[in-house]
Amino acid sequence: MKKAGFALALAAMLAMPGAAMAKPTKQDTRSASAECHAIVEAAVSKANVESFSNGEYKNFGQCVSFKAHEEAQERKASRLAARESCKGLKGDERRDCVRSEKAEVKAQKDAKDQARIEAAETCTAEQEDAEAFAEAYGTKKNAYRKCVRANTD
């Protein structure tokens, strides 16, 4: 019985992608906290925060936890992409290449996050005219998310 349980646990660990297993660092948590503060300020209401997140988090603590894991995945993915693009280099050249590539990929992902936050600020401002907002995005729960998506693209 123990062998079967161990085999199932081992199979589950092997089947899980490597990026999903990235563990958040303190820096990931700090970055996530800053991002969540920006989201809460931009979205203003709890309903908007929940809609912004597509139901993935409902309060600040859940936001930080979710975003910290997302930051860890981004960090790991950017490191892997940087290593792949600097494959032919060796020594100090490789180290410098990986560092610069990793920073570039991370900056691109952070820019996407910032664009969504700016879109949330725009949507919060648009919500002040309730009739125009309802006409453009509807009156359902996902109207704010539709607005963010439309202003991000």
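The values are calculated or read from the model by the stated rules, or taken from the named source; none is laboratory data. These numbers were taken from a predicted model, which means no experiment stands behind them. Glycine also receives a Cβ, built like all others from the backbone with ideal geometry; neighbour counts cover every protein chain displayed.
Screening ALA72, ALA34 for residues that are modelled with pLDDT of 90 or more, assigned to a helix (DSSP H, G or I) and crowded, with 18+ Cβ neighbours inside 10 Å leaves exactly one candidate, ALA72.
Across segment 46-69, the number of residues qualifying as in contact with a Phe, Trp or Tyr (Cβ under 6 Å, 6 or more places away or on another chain) and either of a type outside the set (Gly, Ala, Ser) or not in a helix (DSSP H, G or I) (or both) comes to 5.
Taking residues in segment 133-153 that are touching a residue at least 60 places away in the same chain (Cβ under 8 Å), and partners anywhere that are outside any helix (DSSP H, G or I), the pairs with Cβ atoms closer than 9 Å and at least 6 places apart or on different chains are ASN142/ASN54; ALA143/GLN127; TYR144/SER45; TYR144/GLN127; ARG145/SER53; ARG145/ASN54. Residues that are more than 21 Å from the chain's Cα centre (by Cα) and of a type in the set (Asp, Glu) within segment 59-105 comprise GLU84, ASP92, GLU93, ASP96, listed in sequence order.
Of everything in segment 83-111 that is farther than 23 Å from ARG30 by Cα and buried (at least 17 other Cβ atoms within 10 Å of the Cβ), the residue that is modelled with the lowest pLDDT is CYS86. Quick one: would you say GLN62 is surrounded by 13 or more Cβ atoms within 10 Å (Cβ to Cβ), free of Cβ contacts under 8 Å to residues at least 12 places away in the same chain and polar (S, T, N, Q)? It is true that GLN62 is surrounded by 13 or more Cβ atoms within 10 Å (Cβ to Cβ), free of Cβ contacts under 8 Å to residues at least 12 places away in the same chain and polar (S, T, N, Q).
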